[in-house]
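Data first, discussion second: the structure below is written as structure tokens.
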Amino acid sequence: MDQPIFDGHHDALTRASADRLVPGRPDGHLDLPRARAGGLVASIWAIFVDGPGAELDFGNGLDGGYDLPLAEEIGHAEAAGGATAAAGRLLALERHGHLRVARTIADVDAAANGGLPAAIMHLEGAEAIDQDLEALDHWHAAGLRSLGPVWSRPNAFGHGVPFRFPSTPDTGDGLTAAGRALVTRCNALGIAVDVSHLNARGFWDVAEITDAPIIASHCGAHALAPASRNLTDDQLDAIGVSGGIVGIPYIVDFLRADGAQDRSTPLSTVVAHVRHVAERIGVRHVGFGSDFDGGDIPDELGDVAGLPRLLHALADGGFTDAEIAAIAWGNWRRVLAATWG
């Protein structure tokens, strides 16, 4: 199936250096040669800064069920330094002609038409931005076009959702005053706001404030897998009303009804989450958000080169060619065009 694919979230930039991403690496889920082999032509590249508690220990994994404490807060100066270095790696990949950092929807379209792969720069947790938001314009000028106010830890902008199973996303306070100002300023600049690691109150704060489509780049359906990181049906409804999108991840413990880290999970489980969102709010509001290099994925998929197998699984699950094209590409393209202006 010759279909360009857009991925709403992966962690390759924070897991591997450029000199491993370009020629290919023997580990991990994504590098540039394997992305080409799998038909991935545009994706959101997360910039994430590690800190105390950020290395997640799910224990046995196969038993299912987990309750991890929130990671510790990290300071702005530490986050700004780490994020700037990661952004520099992405910009170096662009400078050497390996990809294009997408600043406009035309850059995304060019990738689908045979141009360089498009990389959308994303901050996963806004600690690199100061509370007065003075750095946000600088980051926008450097190419930032997507931002998650929090990861699963507290910061000056809000409270992340902890990793729990089973659990609702309603785990604490929402956005701070600085977080509300951040959403408003991102709207003005045309920076997408990603709710993926926000708890329920933070999600509803964004829904109240934003004038852009709501984006959940890598979240599953809570009705199918009651993980704290997944979206309840009322949250899905709000995303649909906003014209937004849910990127379904491939991380098995977000997909399985028992929360187990079992890589024998079939691709039909990913398809089930796609179908739930499509049936609840419409097929135009669902896409892919792999979270490659962020956890365990089905062995049946393997890595980014296996994406054609996921497209075939959608077809086997009853999705039409037009619906698959929308899920794989068109829906993300529509939402980013509406957000960036």
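The values are calculated or read from the model by the stated rules, or taken from the named source; none is laboratory data. Since the structure is predicted, the reported quantities are computational estimates derived from the model, not experimental observations. Positions of Cβ are generated from backbone atoms using ideal geometry, with glycine treated the same way; all protein chains shown enter the neighbour counts. All accessible areas refer to the heavy atoms of the entire protein, side chains included, with ligands and DNA or RNA removed. Shrake-Rupley method; radii C 1.70, N 1.55, O 1.52, S 1.80 Å.
Brief remarks on what is shown
- Here residue 249 meets the list (1) open to solvent by 10 Å² or more (accessible area, probe 1.4 Å); (2) modelled with pLDDT of 95 or more; (3) of a type outside the set (A, V, I, L, M) almost entirely, failing just condition (1).
- Among the criteria (1) touching a helix residue (DSSP H, G or I) at 6+ places or on another chain (Cβ under 6 Å); (2) among the charged types (D, E, K, R); (3) surrounded by 19 or more Cβ atoms within 10 Å (Cβ to Cβ), the one residue 284 does not fulfil is (3).
- When residues of the stretch 4-25 are limited to those that are modelled with pLDDT under 95 and assigned to a loop (DSSP other than H, G, I, E, B), the one farthest from the chain's Cα centre (by Cα): 17
- Applying the set (1) outside any loop (DSSP other than H, G, I, E, B); (2) closer than 28 Å to residue 255 by Cβ to residue 82 leaves exactly one unmet item: (2).
- Condition check for residue 105: open to solvent by less than 70 Å² (accessible area, probe 1.4 Å) and either free of Cβ contacts under 8 Å to residues at least 40 places away in the same chain or over 19 Å from residue 178 (Cα atoms) (or both): yes
- Restricting the stretch 133-185 to residues that are part of a loop (DSSP other than H, G, I, E, B), among the small types (Gly, Ala, Ser) and closer than 27 Å to residue 256 by Cβ, the residue that is least open to solvent (accessible area, probe 1.4 Å): 152
- The one condition from (1) in contact (Cβ under 8 Å) with a residue 60 or more places away in the chain; (2) touching a strand residue (DSSP E or B) at 6+ places or on another chain (Cβ under 7 Å); (3) of a type in the set (Gly, Ala, Ser); (4) open to solvent by less than 10 Å² (accessible area, probe 1.4 Å) that residue 65 does not meet is (4).
- Checklist (1) in a loop (DSSP other than H, G, I, E, B); (2) surrounded by fewer than 24 Cβ atoms within 10 Å (Cβ to Cβ) applied to residue 337, failing item: (1)
- Pairing each residue of the stretch 73-99 that is within 14 Å of residue 124 (Cα to Cα) with any residue that is open to solvent by 20 Å² or more (accessible area, probe 1.4 Å) and assigned to a helix (DSSP H, G or I), provided the two are 6+ apart or on different chains, yields C-beta distances under 8 Å for 80/135; 86/14; 87/142.
- Test for residue 115: is it touching a residue at least 60 places away in the same chain (Cβ under 8 Å) and part of a loop (DSSP other than H, G, I, E, B): no
- For the stretch 118-132, a tally of residues being closer than 20 Å to residue 340 by Cα and surrounded by fewer than 19 Cβ atoms within 10 Å (Cβ to Cβ) returns 0.
- Pick from the stretch 41-62, criterion within 20 Å of residue 96 (Cα to Cα) and touching a Phe, Trp or Tyr at 6+ places or on another chain (Cβ under 8 Å), ranking: most open to solvent (accessible area, probe 1.4 Å): 41
- Condition met for residue 84 (under 29 Å from residue 335 (Cβ atoms), out of contact with any Ser or Thr (no Cβ under 9 Å at 6 or more places or on another chain) and surrounded by fewer than 19 Cβ atoms within 10 Å (Cβ to Cβ)): yes
- Within the stretch 186-223, the set of residues being open to solvent by 10 Å² or more (accessible area, probe 1.4 Å), of a type outside the set (A, V, I, L, M), in a helix (DSSP H, G or I) and out of contact with any Asp or Glu (no Cβ under 8 Å at 6 or more places or on another chain) comprises 204, 205, 208.
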